[in-house]
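Below: the structure, in structure tokens.
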Amino acid sequence: MVELPFHRERPESTVATPLALSQLREFDDVLDARSPAEFGEDHLPGALNVPVLDDAERAQVGTIYKRESAFEAKRIGAPIAARNIARHLETLFADRPRQWRPLVYCWRGGGRSGSLVHVLRQVGWDAQRLEGGYKAFRRQVVADLEDMPRHFRFHVICGATGSGKSRLLEALAQAGSQVLDLEVLAAHRGSVLGDLPGAPQPTQKSFETKLWTHLSQFDPARPVFVESESKKVGNLRVPDALIAHMRDARCLRLEADTATRVALLMEDYAHFVARPEALAEKLDCLKSLHGAERIEQWKNDLSRGAWEPLVRDLLESHYDPAYRRSLLRNYRDAQSAAPVEIRDITREGFLGIARRLKRDHS
């Protein structure tokens with residue numbers, strides 16, 4: 001009998017949850033053997049999608065499993081999986097060195113990841129399988145997000161709409177401070193006008209994995225700067241333990257005059273200036289709060305390009321009253337928060353404030 005040129009198989013190694021981010025980074029690659037749709041909903045940090053079955057193939061095999069039997073599903077699925085794994089070997093893994101060490105997972109750490117790990121180890125790579133798969137990791141993320149926030153000292157950046165909170169967070173990160181920017185992670189600016197053009201929000205599961213990843217990288221001995229968000233950022237919910245800990249934290253209040261805030265908002269929402277019809281659609285969402293007459297007035301300003309009076313009126317009539325009510329109700333330190341005056345809205349201006357805050361609140 002001619003022996004195939006594979007490496008003699010070693011006993012399979014598995015990695016169990018709970019899993020630290022530092023453990024993931026010990027592997028050369030993290031391979032997600034699930035279908036593209038499963039991967040798109042959420043995946044482990046930094047994972048590569050290496051589907052053993054694609055979406056249509058997974059649906060086909062699943063239907064056979066339900067309608068006929070597990071045996072028939074495996075009989076049909078095995079050659080499909082074998083062909084896909086062979087293609088990955090010839091393409092994605094063609095340049096991997098002998099010392100390559102990947103971590104592989106699927107939904108429950110069963111057939112799909114087991115098949116891929118078996119072949120990789122036959123070749124001679126030290127592939128390891130995540131015990132319990134994505135399902136076990138997901139349980140860990142949910143549990144960790146209940147516990148992790150209490151280990152950090154948050155400094156909450158609050159201030160009226162347009163006072164530069166997001167810009168200051170960006171400058172703080174650039175200055176070397178620890179920053180949890182929920183709006184960046186959620187791909188949303190947190191208001192009815194907060195959709196980012198061309199950037200759909202992640203799923204709730206993906207958002208929570210991003211939160212877990214960022215919190216896992218922070219040093220509990222150093223403060224974490226965060227914005228005074230509400231319970232939801234767009235369509236995504238901030239985990240209860242995190243929002244509760246933020247609301248009990250120390251606040252820093254940004255203060256800027258109306259002209260400065262209008263200028264900042266005109267820059268931040270330039271996509272509406274380019275597409276005023278998109279803003280007109282969003283304004284209709286405020287009809288129940290302000291009535292049809294006020295909405296028509298704002299649309300008239302919009303149609304004649306009166307951007308400054310429009311933005312000013314939106315601030316004074318809608319955003320400021322709503323923000324004050326929400327902030328004072330939810331953030332106990334907001335009333336007595338230390339003021340931070342915003343005058344210079346350039347990148348260097350915010351960076352100067354960030355460096356001072358880093359020095360004063362380390």
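The values are calculated or read from the model by the stated rules, or taken from the named source; none is laboratory data. Since the model is a prediction, treat every value here as computed from it, not as a measurement. Here Cβ is always computed from backbone atoms with ideal geometry, including for glycine, and neighbour counts include all displayed protein chains. Surface areas here come from the heavy atoms of the whole protein model, side chains and all, with no ligands, DNA or RNA. Shrake-Rupley method; radii C 1.70, N 1.55, O 1.52, S 1.80 Å.
Summary of computed values
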{"quantity": "Percentage of interatomic Cα-Cα distances in the range 7-75 larger than 21 Å", "calculated": "47"}
{"quantity": "Amide proton proximity set for Val179, modelled H, under 5 Å, gap of 5+", "calculated": "Phe225"}
{"quantity": "Lys, Arg +1 and Asp, Glu -1 on Cβ, resulting dipole of the range 184-285 about Cα centre, debye, nearest 20", "calculated": "320"}
{"quantity": "Nonlocal amide H pairs with Val30, under 5 Å, H built at 1.01 Å", "calculated": "Leu48, Leu103"}
{"quantity": "Length-normalised contact order for the chain - Cα pairs under 8 Å, 6+ apart - percent", "calculated": "18"}
{"quantity": "Where only alpha carbons of the range 61-213 are counted, the Rg and the Dmax (Å)", "calculated": "22.0, 63"}
{"quantity": "Under the Karplus curve 6.51 cos²θ - 1.76 cosθ + 1.60, θ = phi - 60°, whole-Hz ³J(HN,Hα) for the range 318-335, x wherever Gly or Pro sits", "calculated": "10, 5, 5, x, 5, 5, 4, 4, 5, 5, 5, 6, 9, 10, 5, 8, 5, 4"}
{"quantity": "Unsatisfied cross-links (Cα-Cα over 28 Å) in the set Lys66/Lys232; Lys205/Lys358; Lys232/Lys287; Lys135/Lys210; Lys231/Lys287", "calculated": "Lys66/Lys232; Lys205/Lys358"}
{"quantity": "Average accessible surface area per residue within the chain, 1.4 Å rolling probe, Å²", "calculated": "51"}
{"quantity": "Antiparallel content of DSSP bridges confined to the chain, in %, to 5", "calculated": "15"}
{"quantity": "In degrees, nearest ten, helix 258-268 long axis to first principal axis of the chain (Cα)", "calculated": "30"}
{"quantity": "Inter-label distance, nm, simple model (7 Å from Cα along the C-beta direction), Ala221/Ala199", "calculated": "3.3"}
{"quantity": "Among Gln174, Gln201, Gln297, residue whose mean-square fluctuation peaks in a GNM of the chain (springs only between Cα atoms under 10 Å)", "calculated": "Gln297"}
{"quantity": "Label corresponding to Cα Rg over 2.2 N^0.38 Å when calculated from the structure given, among (1) 1.24; (2) 1.08; (3) 1.16", "calculated": "(1)"}
{"quantity": "With Cα atoms, 0 to 90° folded angle of helix 111-123 axis to the chain main axis", "calculated": "60"}
{"quantity": "5 angstrom amide H check on Ser13, placed H, neighbours 5+ away", "calculated": "Arg129"}
{"quantity": "Whole-percent carbon and sulfur share, accessible surface of the range 256-362, 1.4 Å", "calculated": "49"}
{"quantity": "Accessible area, probe 1.4 Å, largest first, for residues Ile243, Ile76", "calculated": "Ile76, Ile243"}
{"quantity": "Inverse mean reciprocal Cα-Cα distance (Kirkwood Rh) of the range 36-147, Å", "calculated": "15.1"}
{"quantity": "Per principal axis, descending, Cα span of the range 205-264 in whole Å", "calculated": "39, 31, 20"}
{"quantity": "Calculated P(r) tail over 21 Å for the range 226-311, as whole % of Cα pairs", "calculated": "51"}
